[in-house]
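Peer 1: Below are the structure tokens for one structure; questions will follow.
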């Protein structure tokens, strides 16, 4: 079966200002013309592939919830199997809205917590500095009432700020979600990915992070562990594209503002124009066999094409 995957950046606007965020909030959202471009693009894909996986990303995609639902409704009329995933901060994803998305074939969502309440609120706060832990965790708890099969991924971010209470977070995740096989969890370190706060951002050394990671997985039962089995980054996959709100095309959700990630655009008829040299750069690991280039083509060594 032929398949394609799309990361759809509906907006880069966000209601939070996390300390380590690398986004610039430049791409405000799709207007009607741009939304039509995106829908035409999905129409073209539906004639070429048996299935299309769409990952809603941001910013905070729930700020464009109406656009999300509009696109899902459009795609439901196409002769193709569409499935959806969502990366959200969890503040606006109520149980009611989650159920609406599940009914339209949302199969996975991911929400991040930065330790337990106090340390989380220091890192993941609103524009005016208000904490978000209670709201996010209450929403997560409510999702246990959702009807249907899904994979609810709870991501834990580890940093020097929350290192002392990651264990408490793991204990509560296990206690509150461990009996529902639909919920999974994993942990990753906070990193410097090009954000404006990188110079002041404290990150864990590799050894300390590994100790925290091992402790986290010892506490959370094996059945909850979320594992990514492939060593090939989505950005390296030739059957994947990132779509910006204005119809431009890219490959990577980290290098959003890099000219190297501006590889083409959607035409009015839904077809695409792609810079083949840039596209080949992202997938070069498949040709060279270089494991670093396959795992992360953005940061891996290799000469980049001129912009």
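Peer 1: Please arrange 213, 12 by counting, for each residue, the other beta carbons lying within 10 Å of its beta carbon, fewest first.
Peer 2: The most exposed by this proxy come first: 213, 12.
Peer 1: At a Förster radius of 22 Å, what calculated FRET efficiency corresponds to the Cβ-Cβ distance of residue 24 and residue 105, to the nearest 0.05?
Peer 2: The value I calculate is 0.10.
Peer 1: Just report the Cα centroid separation between region 13-66 and region 245-262, whole Å.
Peer 2: With region 13-66 and region 245-262 each reduced to a Cα centre, they are spaced 12 Å.
Peer 1: Now for a different question. Could you state the principal axis extents of the C-alpha atoms in the chain, from the largest down, to the nearest angstrom?
Peer 2: Largest first, the chain extends 52, 45, 40 Å along its Cα principal axes.
Peer 1: With each label point set 7 Å from Cα along the Cα-Cβ vector, what nm distance links residue 70 and residue 142?
Peer 2: With each label point 7 Å from Cα toward Cβ, the separation is 2.5 nm.
Peer 1: Over the Cα atoms of region 88-227, what Rg and Dmax result, in angstrom?
Peer 2: 15.2, 44
Peer 1: If you rank 32, 70 by fewest surrounding Cβ atoms within 10 Å, what's the result?
Peer 2: Ranked by crowding around the Cβ, least crowded first: 32, 70.
Peer 1: At 7 Å along Cα-to-Cβ for each site, give me the label-to-label distance between residue 180 and residue 296 in nm.
Peer 2: My value for the distance between the label points is 3.2 nm.
Peer 1: Ignoring everything except DSSP H segments at least 4 long, calculate the 222 nm mean residue ellipticity for the chain; use -39,500 (n - 2.57) per segment, divide by total residues, nearest 500.
Peer 2: -9000 deg cm²/dmol
Peer 1: Taking a ≥ b ≥ c as the square roots of the Cα gyration tensor eigenvalues, with a/c under 1.5 meaning rounded and otherwise prolate when a/b beats b/c, else oblate, which class fits region 165-255?
Peer 2: oblate
Peer 1: With both bridge residues required to lie in the chain, what share of the DSSP beta bridges run antiparallel, to the nearest 5%?
Peer 2: Bridges in the chain that DSSP calls antiparallel: roughly 20 percent.
Peer 1: Quick check: residue separation of residue 135 and residue 287 times 0.36 nm, minus the Cα distance between them. What number comes out in nm?
Peer 2: 50.1 nm
Peer 1: State the percent of C-alpha pairs, over all pairs in region 27-143, separated by a distance greater than 22 angstrom.
Peer 2: 40
We did not get these values from a lab; they are worked out from the coordinates using the rules stated. In this text, all values refer to a predicted model and were calculated from it rather than measured experimentally. When we count neighbours, we look across all protein chains shown, and the Cβ atoms used for this are built from the backbone with ideal geometry, even at glycine.
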